[in-house]
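S.K.: Here it is, the structure in full.
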Amino acid sequence: MIKRSTFKGGAAVPHYKNTAECETVKMGVPEKIIIPMLQHIGAPCDPLVKKGDTVKVGQIIGDSKSFISAPIHSSVSGTVVNVAPMLYPGGFNVTTVEIKPDGNQEVHEDVKPPVCNDSKQLIEAIRKSGLVGLGGAGFPTHVKLSPPPDKLIDTLVVNGAECEPFITSDYREMIENSENIISGINIVMNLLGIKKAIIGIEDNKPEAIKELINITKNGDQISVVKLKSRYPQGAEKMLIYAVTGRKVPPGKLPMDVGVIVMNVNSISFISEYLKTGMPLIKKRVTVDGSAVRNPSNVEVLIGTPLRDVFEFCGGFKSVPHKILMGGPMMGVAQYSLDTSVVKHTNALLAFDRVDSQMEPESACIRCGRCVSACPMNLMPLFINLHSLKGNIDELIKYHANDCIECGSCSYVCPSKRHLVQSIRLAKAQLKQAAAKGGK
Ligand code: SF4
Ligand code: SF4
């Protein structure tokens with residue numbers, strides 16, 4: 001059954017899905033590969049290789065004993081030329097393995113399809129594959145698929161919303177690899193004993209909806225839900241509400257309402273991995289923005305420098321004034337092209353001066369638009385105020401930590417107040433206060 005659903009709040013952002021019809025093109029092996037030992041939410045990995053070592057495609061080069069972490073693999077065969085702290089796309093330094101490819105792309109002998117007969121083996125295989133949430137969040141998938149025994153999961157929600165402007169990498173997956181998505185859903189449902197799966201797709205992706213409805217029409221366990229195009233429809237809590245009507249309470253997780261959410265690319269990867277045994281070493285990235293000559297969807301080896309990806313897309317047609325990893329709403333600004341594509345990179349956007357200018361802030365006029373737009377029912381204007389004043393007690397009172405940093409409040413604010421930026425600052429202030437043992 002198809003219904004058209006959404007959530008409360010959010011913003012109607014323009015789509016600019018310029019690359020929707022751009023079939024994925026494969027980029028070759030670059031001259032160097034830069035692989036940071038942090039490619040996920042959680043503990044960074046320890047490098048397992050050193051300068052001078054030779055590596056092969058799919059070889060584990062970083063791992064961690066921490067549960068919330070995922071191993072990291074080499075995307076090329078070649079020689080390790082450096083292991084040192086280097087600039088990470090988040091703007092700080094992270095231990096990074098630099099590899100000079102030999103061009104042979106020799107595959108490591110450990111790369112073979114895993115045998116999975118039960119949920120334990122599936123979860124272990126997924127950990128070994130290095131899979132993390134490919135929609136942009138980067139949360140390790142084996143952790144997501146390991147709810148405590150008292151949490152009964154009855155629904156798998158598959159996220160095909162892709163609500164950020166410009167990004168079309170999930171859309172292309174739904175068009176180009178729909179069979180893998182369905183096969184991945186069946187694998188996860190069977191091995192984890194989940195009864196029902198719902199694929200949520202925004203209504204600005206009619207081809208993907210058609211494709212997935214067509215492929216699921218003979219079964220009753222998997223359904224497709226057409227979602228209204230409204231940002232941030234793809235945020236977990238909003239998506240769960242839109243497709244199941246269940247509300248995830250503040251401070252709780254999807255598993256608390258019986259749901260696991262997975263991105264379409266992540267679920268498709270599981271199917272491919274079980275067939276080939278090749279871990280996560282490549283990523284489809286949407287490259288777009290007013291400064292990019294040939295906007296495209298590119299399949300890129302993880303660790304490829306951003307500079308090389310933009311060059312592959314024809315380079316810049318005007319001076320890029322803002323470069324983002326991710327979409328314009330939640331992406332992270334890059335100040336160097338020497339960082340590289342990591343597992344959760346789903347877009348690289350470059351904008352010229354006109355499109356990257358921010359209007360100056362003016363005083364809050366108490367219009368309440370930010371409050372109406374907030375999908376988490378927060379009061380961004382007050383969090384902004386108390387963040388600027390450093391009032392920790394008030395930041396707690398206004399639940400600053402519940403903010404999902406979607407940016408809807410900043411987007412709708414007529415006074416152009418830097419609301420989401422100040423809320424990020426508020427969260428850092430709260431973390432600092434907690435570390436000092438105060439709050
Ligand atoms: S939208 Fe902007 S101007 Fe309006 S109440 Fe919120 S912060 Fe103030
Ligand atoms: S306060 Fe946070 S969750 Fe609410 S609209 Fe702003 S960024 Fe989004």
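The values are calculated or read from the model by the stated rules, or taken from the named source; none is laboratory data. As the structure is a prediction and not an experimental result, all values here were calculated from the model. All Cβ positions, glycine included, derive from the backbone under ideal geometry; neighbour counts span all protein chains shown. Ligands, DNA and RNA are excluded from the accessible area calculation, which covers all protein heavy atoms including side chains. Shrake-Rupley method; radii C 1.70, N 1.55, O 1.52, S 1.80 Å.
S.K.: Could you list, in sequence order, the residues of region 270-289 that are among the hydroxyl-bearing types (Ser, Thr, Tyr) and over 20 Å from Glu162 (Cα atoms)?
M.R.: Residues satisfying the conditions are Ser271, Tyr273, Thr276.
S.K.: Then there's this: Under 7 Å between Cβ atoms, which residue pairs at least 6 apart in sequence (or on different chains) link something in region 96-119 that is in contact (Cβ under 8 Å) with a residue 12 or more places away in the chain and closer than 13 Å to Ser77 by Cα with a partner that is of a type in the set (Lys, Arg) and open to solvent by less than 60 Å² (accessible area, probe 1.4 Å)?
M.R.: Note: pairs meeting the criteria are Glu106/Lys56; Val107/Lys56; His108/Lys56.
S.K.: Kindly indicate which of Asn93, Asn117, Asn104 is out of contact with any His (no Cβ under 8 Å at 6 or more places or on another chain), closer than 23 Å to Phe67 by Cβ and open to solvent by 40 Å² or more (accessible area, probe 1.4 Å). Walk me through it before giving the result.
M.R.: On the way: Asn93 fails: closer than 23 Å to Phe67 by Cβ; Asn104 fails: closer than 23 Å to Phe67 by Cβ.
Just a single option satisfies the conditions, and that option is Asn117.
S.K.: Does at least one position in region 387-406 carry a residue that is within 16 Å of ligand 1 (Cβ to nearest atom), modelled with pLDDT of 95 or more and among the basic types (Lys, Arg)?
M.R.: no
S.K.: Which of the numbered conditions does Asp355 fail, given that it passes all the others? Conditions: (1) over 30 Å from Val132 (Cα atoms); (2) within 14 Å of ligand 1 (Cβ to nearest atom); (3) not small (Gly, Ala, Ser).
M.R.: (2)
S.K.: Right, another one. Name the single residue that is most open to solvent (accessible area, probe 1.4 Å) among those in region 410-431 being over 21 Å from the mean Cα position of the chain (by Cα) and hydrophobic (A, V, I, L, M, F, W, C).
M.R.: Of everything passing the filter in region 410-431, Leu425 is most open to solvent (accessible area, probe 1.4 Å).
Residue by residue, here is whether (1) over 26 Å from Ile222 (Cα atoms); (2) at pLDDT below 95; (3) not β-branched (Val, Ile, Thr) holds:
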site: Ser266; (1), (2), (3): no, no, yes
site: Ile281; (1), (2), (3): yes, no, no
site: Ser290; (1), (2), (3): yes, no, yes
site: Asn294; (1), (2), (3): yes, no, yes
site: Leu324; (1), (2), (3): yes, no, yes
site: Met329; (1), (2), (3): yes, yes, yes
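S.K.: Among the residues of region 145-172, write down those that are more than 13 Å from Leu212 (Cβ to Cβ) and part of a helix (DSSP H, G or I).
M.R.: Scanning region 145-172 gives Ser169, Arg172.
S.K.: Report, by residue number, each residue of region 284-304 that is open to solvent by 10 Å² or more (accessible area, probe 1.4 Å) and assigned to a strand (DSSP E or B).
M.R.: Taking region 284-304 as the starting set, the residues that turn out to be open to solvent by 10 Å² or more (accessible area, probe 1.4 Å) are 284, 290, 293-296, 299, 301.
Within region 284-304, Arg284, Ser296, Glu299, Leu301 meet the criteria.
S.K.: For region 315-336, what are the residues that are in a loop (DSSP other than H, G, I, E, B), open to solvent by 50 Å² or more (accessible area, probe 1.4 Å) and under 16 Å from Pro305 (Cβ atoms)? Step through it out loud before you land on a result.
M.R.: Restricting attention to region 315-336, the residues satisfying the condition of being in a loop (DSSP other than H, G, I, E, B) are 315, 317-321, 326-331, 335-336.
From what is left, the residues that are open to solvent by 50 Å² or more (accessible area, probe 1.4 Å) are 317, 319, 321, 328, 330, 335.
The answer is Tyr335, and nothing else.
S.K.: Restricting attention to region 337-364, and to residues there that are in contact with a Ser or Thr (Cβ under 7 Å, 6 or more places away or on another chain) and part of a loop (DSSP other than H, G, I, E, B), which single residue is surrounded by the most Cβ atoms within 10 Å (Cβ to Cβ)?
M.R.: It comes out as Val341.
S.K.: Here's another thing I want to ask about it. Check Cys367 against each of (1) open to solvent by 20 Å² or more (accessible area, probe 1.4 Å); (2) within 10 Å of ligand 1 (Cβ to nearest atom); (3) farther than 20 Å from Phe166 by Cβ; (4) under 22 Å from the mean Cα position of the chain (by Cα) and name the one condition it does not meet.
M.R.: Cys367 satisfies all of (1) open to solvent by 20 Å² or more (accessible area, probe 1.4 Å); (2) within 10 Å of ligand 1 (Cβ to nearest atom); (3) farther than 20 Å from Phe166 by Cβ; (4) under 22 Å from the mean Cα position of the chain (by Cα) except (4).
S.K.: If you don't mind, another one. With the checklist (1) under 22 Å from Ser169 (Cα atoms); (2) within 10 Å of ligand 2 (Cβ to nearest atom); (3) surrounded by fewer than 21 Cβ atoms within 10 Å (Cβ to Cβ) in hand, flag the one item His399 doesn't pass.
M.R.: In the conditions (1) under 22 Å from Ser169 (Cα atoms); (2) within 10 Å of ligand 2 (Cβ to nearest atom); (3) surrounded by fewer than 21 Cβ atoms within 10 Å (Cβ to Cβ), His399 misses (1) alone.
S.K.: Taking region 370-396 as the search range and keeping residues that are open to solvent by 50 Å² or more (accessible area, probe 1.4 Å) and more than 16 Å from ligand 2 (Cβ to nearest atom), which one is farthest from Gly289 (Cα to Cα)?
M.R.: Residue satisfying both the conditions and the ranking: Asp393.
S.K.: Which of the residues belonging to region 59-80 are open to solvent by less than 10 Å² (accessible area, probe 1.4 Å), touching a His at 6+ places or on another chain (Cβ under 7 Å) and farther than 20 Å from Ile123 by Cβ?
M.R.: Matches in region 59-80: Ile61 only.
S.K.: Only one of these is of a type in the set (Ser, Thr, Tyr), modelled with pLDDT of 90 or more and in contact with a Leu (Cβ under 8 Å, 6 or more places away or on another chain): Tyr231, Tyr273. Name it.
M.R.: Working: Tyr231 fails: in contact with a Leu (Cβ under 8 Å, 6 or more places away or on another chain).
Result of the check over Tyr231, Tyr273: Tyr273.
S.K.: Please work out which one of (1) more than 24 Å from Thr168 (Cβ to Cβ); (2) without any contact (Cβ under 8 Å) to a residue 40 or more places away in the chain is the condition Glu21 fails and give its number.
M.R.: Going through the list (1) more than 24 Å from Thr168 (Cβ to Cβ); (2) without any contact (Cβ under 8 Å) to a residue 40 or more places away in the chain, Glu21 breaks only (1).
S.K.: Residues that are farther than 28 Å from Ala333 by Cα: which strands (runs of 3 or more DSSP E) entirely in region 42-115 hold 3 or more of them? Show your work before the answer.
M.R.: Numbers: elements: 60-63, 78-87, 93-101.
Correct list: 78-87.
S.K.: I'd like to check which strands (runs of 3 or more DSSP E) are fully inside region 173-267 and have at least 3 residues that are open to solvent by less than 40 Å² (accessible area, probe 1.4 Å) and in contact with an Asp or Glu (Cβ under 9 Å, 6 or more places away or on another chain).
M.R.: Details: elements: 196-202, 222-227, 259-263.
Hits in region 173-267: 259-263.
S.K.: Follow-up. List every residue pair whose Cβ atoms sit under 9 Å apart, with the two residues 6 or more apart in sequence or on different chains, where the first one lies in region 371-391 and is over 13 Å from Val412 (Cα atoms) and the second, anywhere, is near ligand 1 (Cβ under 9 Å from one of its atoms) and charged (D, E, K, R).
M.R.: Asn384/Arg417
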